1. Give region 122-149 a look and list any residue that's on the phi < 0 side of the Ramachandran plot and of a type in the set (G, A, S), or say none.
2. Within region 1-45, take every residue that is buried (at least 18 other Cβ atoms within 10 Å of the Cβ) and β-branched (V, I, T) and give me the one that is farthest from the chain's Cα centre (by Cα).
3. Taking the condition part of a strand (DSSP E or B), surrounded by 17 or more Cβ atoms within 10 Å (Cβ to Cβ) and among the hydrophobic types (A, V, I, L, M, F, W, C), does I68 pass?
4. Give the number of residues within region 92-110 that are surrounded by 18 or more Cβ atoms within 10 Å (Cβ to Cβ) and more than 19 Å from the chain's Cα centre (by Cα).
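Bear in mind that the values in this text are calculations on the coordinates, not laboratory data. Worth saying up front: this structure is predicted, and the values here are computed from it rather than measured. No Cβ is skipped: glycine too gets one built from the backbone with ideal geometry, and neighbour counts run over all protein chains shown.
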Amino acid sequence: MSLKGKEEFIAESLKEYYSDKYKNVDYREGEDPPDIYLSLDDNEVAIEITELDTNVLNTRKTLDMGYIQFIDSLNISHKKHLPDGVGLLIHFYHNNIKISKIKKDFLKVLSTFINEYAMNIGHKVESSIGKVNFTIEVFKTNNGKSGFAGSVGQYGGKIKKSRDIEEVCRQIAESNLSLMSSATILNRIMDKNKKCKHLDKPVYLALYDNYYSKFTTFNDNNHIDFYNEIMKNITDFGIFEKIFIIFENGDVLEFNNYIK
């Protein structure tokens, strides 16, 4: 068998996943398409494999996602330090520098800011760490809860005072990790539907995620919750009866196409 490393990893992950459901599970190389055929007892399923990584998301978006995921993580690590009804709006301008390069120093700045200004609604600072520019602004939340929100830009550093809330929301939406991941999955579904439309059913699609680990660990279920939320809004898989998302640690998520 001449499967590539990632294809073989996905095939083995699916084999292990189905081993508890069927007595005899095996796979063989396909004709591209599909990449593999998975044998489940007396049935054989065509499975097309593709990746969710920087080949689909460009480098800019990958950097953006790192910052967005970092901002989101603050709702776990630092939310408890904010008074009720207070939120912090953080804008990063990364100039193509990874969040890992400034994370430690920024957390020190953030802790000082919270201690000194968390009660001052409307207070804003503009600063930089290395070549990464950022702003932190205190705002009053509508629901009385505390938390963090933010957005990411590639270049810049000054927030225009004329910017209204619609513009802020638009920028946050464009940078949001979930929206970008949803768009990536939909792109893969559309592309692989065209490629596999001639195959006999059933046909499954296996998506290999090798970028989410850049923003978190697998010590909790964040990666599972993340994709469960995304897939709630993707209801049409086209020709694919099932879609799997396989992670670097071997976790497998299964989603069924209920549109006939």
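1. Here is the first cut: in region 122-149, the ones on the phi < 0 side of the Ramachandran plot are 123-129, 131-143, 145-146, 148-149.
The answer is S127, S128, S146, A149.
2. V45
3. On the way: part of a strand (DSSP E or B): no; surrounded by 17 or more Cβ atoms within 10 Å (Cβ to Cβ): yes; among the hydrophobic types (A, V, I, L, M, F, W, C): yes.
No.
4. We begin by selecting, within region 92-110, every residue surrounded by 18 or more Cβ atoms within 10 Å (Cβ to Cβ); these are 92-94, 99, 102, 106, 110.
After this cut, where a residue has to be more than 19 Å from the chain's Cα centre (by Cα) as well, the list is 93, 102, 106, 110.
Total satisfying the criteria: 4.
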